[in-house]
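Reading through the structure tokens given below for one structure.
Quick note: the coordinates plus some simple rules give every number you see, no bench work behind them. Just so you know, these numbers come straight off a predicted model, no measurement behind them. Every residue, glycine among them, receives a Cβ derived from its backbone with ideal geometry; neighbour counts consider all protein chains shown.
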Amino acid sequence: ISVVEATKAQIERIKKEDQKYNCYVTVLEEEALARAQQVQALIDAGELKDSPLAGVPMAIKDNMCTKGALTTCSSKILGNFKPPYNATVVEKLEAAGAIIIGKLNMDEFAMGSTTETSFYGPTKNPWNVEHVPGGSSGGAAAAVAAEEAFYTLGSDTGGSIRQPSSFCGVTGIKPTYGTVSRYGLIAYASSLDQIGPIARNVSDCVAALEVISGYDKKDSTSVDTGEYKYTDALVDDVKGMKIGIPRGYIGKGLDEEVKNSILKAAKVLEEKGAIVEEFDMDIVDYAIPAYYVIASAEASSNLSRFDGVKYGYRTEDFNGLQDVYKKTRSEGFGMEVKRRMMIGAFVLSSGYYDAYYNKALKVKALIKEGFDKAFSKYDVILGPTAPSTALKIGENLSDPLKMYLGDIYTVSVNLAGLPAISLPCGMDSKGLPIGLQLIGKHFGEKDIIRAAYSFE
Ligand code: GLN
């Protein structure tokens, strides 16, 4: 099969299936077919021989800049935004011969856990369309589950790659902070955001991760580890590996069926020769409030750039500059984004800064310490990705606090800057997938990949 045929077939499938799921905000049909021809020519000329991504159709969450192609963040305010440049990950994918076929639906500005806050309507879970796909990278996870892309890129600020991967029965990796360049990723909370791959299995995820990672001078938080050969870790051998399960991760609040699947997965690792034990790591209790304070604070600052002057949507009817700002932002942002910006402005305001933002930073430092201590004993930390399987559409939309609490197992990983993978480990009695989370130490991607590969 030629690259053009494969690309056409994938786009046909999207046209047929996506009315049901709404994974895509934009399908780049013409661009992808033109690109497929070019990549075929390169392959015929003997180039791209060592690139496993060459000619494979894939898609990207709609918060990564694609030159000349709509990049909306699933928001009205960027509804007409065509960036003049590519994100570094896009450049890297193109150099590897990837065929980018479209841009994927998400929670508006990546704020949410259900993909219901998208201006372009919710994405549905391919396992059961009455359920959410998770979020914020819901389109990216659902597209892989519905075979509307071979693999995708998502972003993870507090779980947005791992939780939708868990809800959709696919595999997703959130790399160590600094591993993948954030250049061209529209910022939500810059100190927590990381781009990562979502795919049908660990091997595919790792192939994509290897391509997109690496030092980038355009991202001041990029770290040069000089060590990105993650495919080396695809070995079925966990003998002697030390795996810890924090008791707080399998205690109250966790769905029984999810808990049983997680413990069964731990048994599998144990039978393969890993040393598995439970331990205490209490600080998880404070992760959610600290995360929402820090993420909202950074968001309120990052999103001030959308003012109707420089980018995207501008209100039609206005009276002076102040009015442009006010109306554009009132009309252009959705409810959840406004809520976050108000929380963020509040916790940063004078008189409250120490009580909230500074305190949250202290909790963040303690969380990092807690993990450091755990990783002096364990190679990998194991637990669930989310406290339940996919919720019903609408179930949490009117109760943001309940939605925030669903991020209990994911947000601390971002606060500590650690790598983590979510992979499927069973089904509940409703036929919805359950996700297993494996967390590694800083730049310990290979440890979590090796442990995850045991299940492949
Ligand atoms: N659900 C979390 C939030 O709404 C995480 C989102 C994300 O990782 N982008 O902030």
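Ratio of alpha-carbon Rg to the 2.2 N^0.38 Å globular estimate for region 267-316, to two decimals, please. Working shown, then result.
Numbers: Rg = 22.2 Å, N = 50, 2.2 N^0.38 = 9.7 Å.
The reported ratio for this selection is 2.28.
Quick check on region 259-370: take the gyration tensor over C-alpha atoms, sort the square-rooted eigenvalues as a ≥ b ≥ c, and tell me if it's rounded (a/c under 1.5), prolate or oblate. Here region 259-370 falls in the prolate category. Each residue of region 351-362 was assigned a 3J(HN,Hα) from its phi angle through the Karplus expression (A = 6.51, B = -1.76, C = 1.60, θ = phi - 60°), giving x, 10, 3, 5, 5, 10, 5, 4, 5, 4, 5, 5 Hz with x at Gly and Pro.
A simple spin-label model places pseudo-atoms 7 Å from Cα toward Cβ; at Ser220 and Glu29 they are separated by 4.4 nm.
Extending 7 Å from the Cα toward the beta-carbon at both Asp399 and Glu270 defines two label points whose distance is 3.4 nm. DSSP bridge analysis restricted to the chain gives an antiparallel fraction near 70%, rounded to the nearest 5.
Charges were assigned to the Cβ only: +1 to each Lys and Arg, -1 to each Asp and Glu. The resulting dipole of region 1-90 about its Cα centre is roughly 360 debye.
For the pair Glu278 and Glu456, what calculated FRET efficiency results from E = 1/(1 + (r/R0)^6), where r is the Cβ-Cβ distance and R0 = 25 Å, to the nearest 0.05?
Details: r = 25 Å, r/R0 = 1.02.
Efficiency computed from Cβ-Cβ geometry: 0.50.
Note on the chain: dipole from Cβ charges, positive end direction compared against Val129, Thr152, Thr328; the farthest Cα belongs to Thr328. Peptides 266-277, 126-137 ranked from most to least packed give 126-137, 266-277, packing being the mean of other C-beta atoms within 10 angstrom over each peptide's residues. Here's the picture: charge each Lys and Arg Cβ at +1 and each Asp and Glu Cβ at -1 in the chain, and of Gly68, Ile421, Met241 the one pushed furthest to the positive end of that dipole is Gly68.
Summary of the geometry: region 392-424 and region 329-387, compared by the centres of their Cα atoms, lie 12 Å apart.
Which residues in region 157-189 have a backbone N closer than 18 Å to a point placed 7 Å from the Cα of Lys430 along the Cα-to-Cβ line? Zone members listed by number: 163-170.
Among rounded, prolate and oblate, which fits region 166-241 when a ≥ b ≥ c are the square roots of the eigenvalues of its C-alpha gyration tensor, a/c under 1.5 means rounded, and a/b larger than b/c means prolate? Intermediate results must be reported in sequence, preceding the final value.
Working: a/c = 2.19, a/b = 1.43, b/c = 1.53.
Oblate shape, in that a/c is at least 1.5 and b/c is the bigger or equal ratio.
Report note on the peptides 13-22, 295-304, 415-424, 33-42: ranked by the mean count of other C-beta atoms within 10 Å, highest first, their order is 415-424, 295-304, 33-42, 13-22. Per residue, the chain reaches -11000 deg cm²/dmol at 222 nm when only DSSP H runs of four or more residues are counted, each adding -39500 (n - 2.57). Derived scalar couplings between HN and Hα for region 287-293 equal 5, 5, x, 5, 4, 5, 5 Hz in order, rounded to whole Hz, by the Karplus curve 6.51 cos²θ - 1.76 cosθ + 1.60 (θ = phi - 60°), x for Gly and Pro.
Farthest towards the positive end of the charge dipole of the chain, among the residues Gly55, Ala287, Leu438, is the Cα of Ala287, using unit charges on the Cβ of Lys, Arg, Asp and Glu. Model label sites at Lys252 and Ser349, defined 7 Å from Cα along the beta-carbon direction, differ in position by 3.4 nm. Working note: Debye formula, equal point scatterers on the alpha-carbon atoms of region 332-381, no solvent; log10 I(q)/I(0) at q = 0.15, 0.18, 0.28, 0.29 Å⁻¹ is -0.61, -0.69, -0.95, -0.98.
Summing Cβ point charges (Lys, Arg +1; Asp, Glu -1) relative to the Cα centre of the chain gives a dipole of roughly 740 debye. The tail of the calculated P(r) for the chain, taken as Cα-Cα distances beyond 40 Å, holds 14 percent of the pairs. Counted residue by residue at 0.36 nm each, then reduced by the alpha carbon distance between them, the extension gain from Glu5 to Asn201 reaches 68.2 nm.
What does the C-alpha gyration tensor say about the overall shape of region 128-170? Classify as rounded when a/c is under 1.5, otherwise prolate if a/b is larger than b/c, or oblate. Intermediate values should be presented prior to the final figure.
Details: a/c = 2.09, a/b = 1.16, b/c = 1.79.
Oblate is the answer for region 128-170, as a/c is 1.5 or above yet b/c matches or exceeds a/b.
The shape of region 309-456 can be summarised by an equivalent ellipsoid whose semi-axes, obtained from the alpha carbon gyration tensor, come to 37, 23, 15 Å from longest to shortest.
Close amide-amide hydrogen proximity is noted between Glu278 and Ile245, each under 5 Å apart and 5 or more residues distant or on a separate chain (H modeled in the peptide plane; Pro and chain starts excluded).
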